[in-house]
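Chemist: The structure that follows is given in the form of structure tokens.
The values are calculated or read from the model by the stated rules, or taken from the named source; none is laboratory data. Bear in mind that the values here come from a model prediction, so they are computed numbers and not experimental data. Cβ: placed from backbone, ideal geometry, glycine included. Neighbour counts: every protein chain shown. All accessible areas refer to the heavy atoms of the entire protein, side chains included, with ligands and DNA or RNA removed. Shrake-Rupley method; radii C 1.70, N 1.55, O 1.52, S 1.80 Å.
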Amino acid sequence: MSHLTLILLAAGSSSRFGTGVKKQWLRVGDTPLWQFVADRFESTSYFNKIIVTSSADDIEFMQNCTSYTFVEGGATRQQSLKNSLEHVTTEYVLVSDVARACVSDAFLHTIVSHMGKSDCIVPYLPINDTIVYDDTTIDRERVKRVQTPQLSLTSALRNALLQEVDFTDESSAIVANGGNREFILGEEAAHKITHLQDLKKIPCLAPPSNDTLSGVGFDVHAFDDKGEMYLGGIKIDAAYGFLAHSDGDVAIHALIDALLGAAGMGDIGMMFPDNDATFKGIDSKELLSVVVAKLRRFGFVIVNVDITIAAEKPRIGNYKTAMRKTLSSLLNIQSQRVNIKATTTEKLGFIGRGEGVGVIANANLKYFDWTTI
């Protein structure tokens, strides 16, 4: 259907979801929720283009998943919608929220079949409970629970959003701008995910995959006769440090790469470029904390990590317990799930010559299991 574009709004912060995980990154099997929803719409073959809005923090990872058109969202739902409309060339546009995860094919067909009958086609549900507003009981027959998706004439929606008012849905903006809307009966299955308990009302979501995702990180740093040495998050008693843009904690750097590798999120250099002055001399524990928080937001749970430190010097045997405790606290896992090993290279290579340290790290992740909450 060449005259219809889908805008899927998925740039929200999920502040009301209450888990630390963004709801758009909940997994349905191996698929993040935003992609699961977009794929369901795409399977209907109604759309000339599918546009997915995303926060700046999410957009690169989303682009690694699939080839939809991605647009960076704004601070509000309405600004995200305005940003997306700049990429719409079709006469009509369907706007939906990623939180409406289970829109049925039949419901979508009903909406699309009303195309052209009004400036905006709006699904709604009636109210069955008594409604009290400002201590006054009002006629519930006059109250509607408005849903998305909403189908709009693109020009009408674009013009309506020029108003200096923040609207919570497309039809309200269009009506306020002099346009018209037609209400059609919605469906209960298109319930919106706002809070964690709403997931129990969503019929089409399979639980997340039980797969374990593994990643390997490797890093080396040469010694520097200046500065202090930090390794595994611990200050080491040595007369030298590492030559590095940050504090040079090679163990944490390898661990970050392992974590990002398991998640499919690139590497430490992509996230914290060594030509960015922001990270000059930074404590690597801060970098690890950023990565751990991001993994959580994107729906990953850290299972365990295993780190092998190869060095002729310094000797780290007396530091391994402190490293485990420090890293387990940063990773939010039990200390027995953080394994630290030390080895040498039998005097071979730059490590054997005492010129630096090399570290290999392995990390295992699982998807956040929202079915157990």
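Chemist: Residue check, I252 against (1) out of contact with any Ser or Thr (no Cβ under 6 Å at 6 or more places or on another chain); (2) among the hydrophobic types (A, V, I, L, M, F, W, C); (3) closer than 21 Å to M323 by Cα, all met but one. Which one?
Modeler: Unmet condition: (1).
Chemist: Collect the residues in region 330-366 that are open to solvent by 60 Å² or more (accessible area, probe 1.4 Å) and of a type in the set (A, V, I, L, M), keeping them in residue-number order.
Modeler: L348, I360
Chemist: Let me ask another. Give all pairs with beta carbons closer than 7 Å in which a residue from region 40-68 that is acidic (D, E) meets a residue that is modelled with pLDDT of 95 or more; count only pairs at least 6 apart in sequence or on separate chains.
Modeler: Cβ pairs passing all conditions: E42/I50.
Chemist: I've got another one for you. Limited to region 273-328, what total is found for residues that are among the hydrophobic types (A, V, I, L, M, F, W, C), at pLDDT 95 or above and open to solvent by 30 Å² or more (accessible area, probe 1.4 Å)?
Modeler: Going through region 273-328 one residue at a time, the tally reaches 5.
Chemist: Okay, next question. For region 109-121, state whether one or more residues are in a strand (DSSP E or B), out of contact with any Cys (no Cβ under 7 Å at 6 or more places or on another chain) and surrounded by fewer than 17 Cβ atoms within 10 Å (Cβ to Cβ).
Modeler: As a first pass, look at region 109-121 and keep what is in a strand (DSSP E or B): 120-121.
The next check asks that each one be out of contact with any Cys (no Cβ under 7 Å at 6 or more places or on another chain); those that pass are 120-121.
Still in the running and surrounded by fewer than 17 Cβ atoms within 10 Å (Cβ to Cβ): none.
No; the residues of region 109-121 include none that is in a strand (DSSP E or B), out of contact with any Cys (no Cβ under 7 Å at 6 or more places or on another chain) and surrounded by fewer than 17 Cβ atoms within 10 Å (Cβ to Cβ).
Chemist: Determine, yes or no, whether D119 is more than 25 Å from A56 (Cβ to Cβ) and of a type outside the set (A, V, I, L, M).
Modeler: yes
Chemist: Quick one: in region 125-160, which of the residues that are closer than 20 Å to H3 by Cβ and in a strand (DSSP E or B) is farthest from the chain's Cα centre (by Cα)?
Modeler: So the residue we want is L153.
Chemist: While we're looking at this one, here's another question. Condition first: of a type outside the set (S, T, Y) and buried (at least 16 other Cβ atoms within 10 Å of the Cβ). Now tell me which residues in region 49-72 satisfy that. Steps first, answer last, please.
Modeler: Quick first cut of region 49-72, residues of a type outside the set (S, T, Y) only: 49-52, 56-65, 70-72.
Within region 49-72, K49, I50, I51, V52, D58, I59, F61, M62, F70, V71 meet the criteria.
Chemist: Hey, another quick one. Taking L205, is it in contact (Cβ under 8 Å) with a residue 60 or more places away in the chain, out of contact with any Ser or Thr (no Cβ under 7 Å at 6 or more places or on another chain) and part of a helix (DSSP H, G or I)?
Modeler: No: the conditions fail for L205.
Chemist: Have a look at F41, F61 and point out the one that is among the aromatic types (F, W, Y), within 27 Å of M271 (Cα to Cα) and out of contact with any Ser or Thr (no Cβ under 6 Å at 6 or more places or on another chain). First the steps, then the outcome.
Modeler: Working: F41 fails: within 27 Å of M271 (Cα to Cα).
On inspection, the qualifying residue turns out to be F61.
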